[in-house]
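Chemist: Below you'll find the structure I mean.
The values are calculated or read from the model by the stated rules, or taken from the named source; none is laboratory data. Quantities reported herein were computed from a predicted structural model and do not represent experimental measurements. A quick note on method: Cβ atoms are made from the backbone with ideal geometry, for glycine too, and the neighbour counts reach across all protein chains shown. Ligands, DNA and RNA are stripped out before the accessible areas are found, and what is left, the full protein with its side chains, is counted by its heavy atoms. Shrake-Rupley method; radii C 1.70, N 1.55, O 1.52, S 1.80 Å.
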Amino acid sequence: MKVLRRTWRLRSARIAVAVLLLVAFLALAGGAVAPHDPLAQHPTDMLQGPGAGHLLGTDYLGRDVLSRLLEGTGLSLAGALESVGAAMLLGIIPGLASVWLGRTVEWTAQRAADTLMIMPFTVFAIAVVGALGNGMHQAMLALGVLFAPLYFRVTRAAALGLEQAQYVEAAELMGASRRWILRTHVWGKVLPTIAVTTAQTVGQALLVVSSLTFLGLGVQPPAPTWGGMLASDLGYLAQQPWAPLIPGAAIMITVGALNILADAIRDGDASRLPADAAQPAPGPVPVRDDGRTAEAEHRDQKEAQDHVATV
């Protein structure tokens, strides 16, 4: 909660949240607020420019571009969120388990993550769709599997900095279970890092989803998506050279807001360190059992956070 309050104080975070709330509203109610039926074809109104009847013009079948853009917001964003949700489930739990459940689990999880990281997104998604069928859920599951190593590595890096913390060692000595330690001492410290990663990953997933729908994978025409609209507009650049800018701008604004929010969360979490760092009292510097001072441990945790923020 403290990280959220510090993040909300940043002007960039408030602007990003406002933009994302608007996108979320359009994703939930885009079809209801659309001025026309996004699937209705009007051959007499093909490739018209912006006007009173069609604020963003019409496409090559006479369909209203604004209505299709609003309707496509929900499908595009739902695909990105579905893939990220699958990645979180497949990445966070193994990432924590690799730190706390022994060398066998650690080695197995790391080798699985290394294997998935070398696979290209588009090729793997095409292979999964070819094997399981061309559907939205199949394509998003493939993306979730490939995004999972990112969550695994980020969660593992954050948890490694807490494994040797003094309060964690004290809880273990007092007989606390690993489940209680993870829930009480670890999860709250790892959550801001996961929040930063999620904001960035949703933006990346939206770009990949748009790329797949651009290729005709996942969502089938005539259902509108931002990537599908971009693909159809490229065939009529001679008549409407400005048309691809409309879905492209929607993608750019949404991804930009997500990246700005991720930076704001990271800055809000990093601002905790100078404020919470207590002034050292006169006398000997406290030293841990492994020979490291508390200041050295604090500095290592800060470096780990900076490294995770750049992943």
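Chemist: What figure in square angstrom, to the nearest 10, would you give for the accessible area of Asp263 with a 1.4 Å probe?
Modeler: 60
Chemist: For the chain, what does the helix formula give at 222 nm: sum of -39500 (n - 2.57) over DSSP H segments with n ≥ 4, over the residue count, nearest 500 deg cm²/dmol?
Modeler: -23000 deg cm²/dmol
Chemist: Further, regarding this structure: Keeping all protein chains in place, calculate the accessible area per residue for the chain (probe 1.4 angstrom), answer in Å².
Modeler: Per-residue accessible area for the chain comes out at 53 Å².
Chemist: For the chain, what's the relative contact order in percent, using C-alpha pairs closer than 8 Å and at least 6 residues apart?
Modeler: That works out to 23 percent.
Chemist: If you don't mind, there's one more thing I want to ask. If each residue of separation counts as 0.36 nm, what is the full-extension length gain between Ile118 and Ala40 once their alpha-carbon separation is subtracted?
Modeler: Gain in length upon complete extension: 23.8 nm.
Chemist: Rounded to the nearest 0.05, what FRET efficiency is calculated for Ala29 and Thr184 with R0 set to 51 Å and r the Cβ-Cβ distance?
Modeler: 0.80
Chemist: Let me ask you something else. On a 1.4 Å probe surface of the protein chains, which of Ser83, Ser12 comes out largest in accessible area, and what is the full order?
Modeler: Sorted by accessible area, descending: Ser12, Ser83.
Chemist: Next question. Take the alpha-carbon centre of the range 1-69, take the same for the range 142-216, and report the distance between them in whole Å.
Modeler: 32
Chemist: Let me ask something else about it. With the full set of protein chains in place, find how many percent of the accessible area of the chain is carbon and sulfur; take the probe as 1.4 Å.
Modeler: C and S fraction of accessible area: 66 percent.
Chemist: Per 0.36 nm of contour for each residue apart, how much would the distance between His137 and Leu4 grow if the chain were fully extended, relative to their Cα-Cα spacing?
Modeler: 44.7 nm
Chemist: Could I have the simple spin-label model distance between Arg11 and Leu61, label points 7 Å from Cα toward Cβ, reported in nm to one decimal?
Modeler: 4.5
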